Every structure is written in structure tokens, then in C-alpha cells.
Ligand code: GRF
């Protein structure tokens, strides 16, 4: 392996200090760099030109798999590092195991940090942005080369065979994940003809992530960031959109996801995001639906599956299931009744919806 390959963070720190002492500016970038293409090469050249040396931090094989899904990376980390080290623009390569490059940035402490053009200084992950600001690192966004991407290379290579694949679903949830489990079960029995590509949650440690782990489904906990009103930050929204893209998701299924999705995600998945809401919409959008139905002395309530738009539980209704509200019912008993309807209805409606979209 070339001497450009740095194996430890300490080595990276020593190298950086030598560069700094010599008055040289270090540029840092990171990514998977799995199937190198001209877009990468031009991007790295441009990054290198911003300073005197370029260090590229690459994701370990495990973290590429987590980010891009099964079957990736195509090339293992050693090979990817070797190829990158051979480029004129690249001075050092480090491999990092975490999903994010923060620890590597901290040890390299570059003068300049670069990202590809689908990012802006505002939609960098909060944790990364905070670190860059704290260390006084210059952030530069470089434009990506249109039409050149690992994804498009893989698609070209897959040719027609990709058409034989089952539709891919992503499930997003914040809670226990009983609906997710019913969808998984339907896939396992063959009642739902689809693949569950990824499960995401905005709540670290949520039950739904435990289900993903037990079922061997790739999962991702999204850092929702902190904004007024608990809205997803631009960075969180971008992370969701990026993962949906890398997993080539056809349909997004919200199952107890307690955040509102917004543009640009909605347009990218127009009519391809479903939600399940525990009331007979348009009645009782929002929270506490069971208690509100009881307080209003309704004789029935239920669940609604609808297409997601920018409103709160407002999109076009696809299906509903009803339950009666009987004497002695309370919010908890109603929730139980409604969930048992949901567990049958949601997988079935997803299957029918996939045939149409
Ligand atoms: C469901 O009742 C659904 O209607 C609502 O959130 C609940 C999610 O439950 N949107 P679970 O996490 O699937 O058990």
C-alpha cells in the first residue's frame, strides 16, 4: 500500500501538523469513492486546487453498506484507498468507520473542508457544521459533474435486469413499529410483493429500529437536528432524501413517523409517500385522535391511509378502516382496536398501491 495511505488518526494529526508548520493549507473531503468515475476525478482535482494538499477520508466497507445498502461497496476499502492514492490530486487517504466523518475531521483539522454540490453550507449535518465552525475550518461547496455518478454507472451496468426487481419500500417511523412489523410479516409470507430496502427513524433507540435489526433490514437513525417546532432540519431532510435515493426506493411508507415531510422531498416522491393516521380523516388530524373522538361522543373511529402532501394529514385518502367506539372504551383500548385494523389494512393497501404507481 502506498505511503499516502494513513491508517491511524494519530498519523493523520502528525501529518497535518507538519503541513501546518510548513505553512501549507490542507484540504479535506470525504465520501465512499466506490466506483471511481470522471466526476470524482474532476471534483478531487478542484478540491486539491483550493490548498496545498488534499486528504480524502473514505467510509469503511461497513459504513458504505449502511449508507448505500447491501451489495455495496463494490470495491473494498483497501482497493478504494489504493486507487485514490494513485491520483495526482490526492495526497493522503484515511478510512473511517463511523457513518459521519466528524472524528476524522477533528484529527486532521484541515484548513479547508469541501463537499459536493448537492450540499449547501446550510444543509450540512448539524454535528459536522458545529465542528467545522468550532475549529474555524473554511467550508467550500464544489459543483458536481452532471451525468457522472456511481449510481448512474451501476444502473448502466445493471441494464434491463434492474426491471425484474421487486418494488422497494422504505419505512419511516418514530415509535414502536407495530405497523412496520406487519408490513415485514406480509413481505415474508409473500402477501406483499415488495422488498423493504431500509427502515429509518428520527428517534434513536426507537422500537422500529430494534425491529429492523432483528429482521436484518438496513436501518438508519436520522438526527432530526433542532429547530423551532420540532421540524426536520434541512440536513435531516437531505439525509432522508439521499438515503431514499441510494436505496432506490419506489415507495415511502410512514408508520407512526412524527415529523412533517416537506420540499424538496415531496416533489421527488410525488404520490409515492403514504401515511397511516389513526382517525377517519378528515376528522381529527394531528394528535390525541382517540380521546378527541371519545370526547366528541363519536360512535366510531378508525384509521386512514393517505398520500402525503405538505399539510398535516391532508393528502388524498387511499383507504379507511373503521372500528366502533363502545361503552367503556378509552384511548388505550381504542388504540389497540385501531392498530389491529391497521396491521391488516396497511400491508394490503401498500400492495394495491404499488400496482398502480
Ligand atoms: C399508528 O397507530 C398510526 O396510525 C399512527 O402511529 C401509530 C404507529 O404505531 N400514525 P406503530 O409504531 O406502528 O406501532
Exercise. How would you classify segment 1-127 from its alpha-carbon gyration tensor, with a ≥ b ≥ c the square roots of the eigenvalues: rounded for a/c under 1.5, else prolate if a/b is greater than b/c, otherwise oblate?
Worked result: rounded
Exercise. Each label point is 7 Å from the Cα along the Cα-to-Cβ direction; what then is the distance between the points at residue 21 and residue 41, in nm?
Worked result: 3.6 nm
Exercise. Against the longest alpha carbon principal axis of the chain, how many degrees, from 0 to 90 and to the nearest 10, is the axis of helix 331-356 turned?
Worked result: 70 degrees
Exercise. What's the FRET efficiency of residue 14 with residue 70 using the Cβ-Cβ distance as r and R₀ = 35 Å, to the nearest 0.05?
Worked result: 0.40
Exercise. Rounded to the nearest whole Å³, what is the per residue volume of the convex hull around the Cα atoms of the chain?
Worked result: 143 Å³
For this session: Report the calculated FRET efficiency for residue 356 and residue 248 (r = Cβ-Cβ distance, R0 = 25 Å), to the nearest 0.05.
Result: 0.85
Exercise. Quick one: which of 203-209, 314-320 comes out on top by average Cβ neighbours within 10 Å, and what's the full order, highest first?
Worked result: 203-209, 314-320
Seminar exercise, completed: Stretched fully, the stretch from residue 299 through residue 139 gains (0.36 nm per residue minus C-alpha distance, one decimal, in nm) 51.7 nm
For this session: Give the angle, between 0 and 90 degrees and rounded to the nearest 10, that separates the Cα long axis of helix 9-21 from the longest principal axis of the Cα atoms of the chain.
Result: 50 degrees
Exercise. How much length is gained if the chain between residue 106 and residue 152 is pulled fully straight, taking 0.36 nm per residue apart and subtracting their Cα-Cα distance, in nm to one decimal?
Worked result: 13.3 nm
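Computed from the coordinates by the stated procedures, all read-outs in this text should not be read as laboratory data. Note that the structure is predicted; figures quoted are calculated from it, not measured. In this analysis, Cβ positions are derived from the backbone assuming ideal geometry, glycine residues included, and neighbour counts consider all displayed protein chains.
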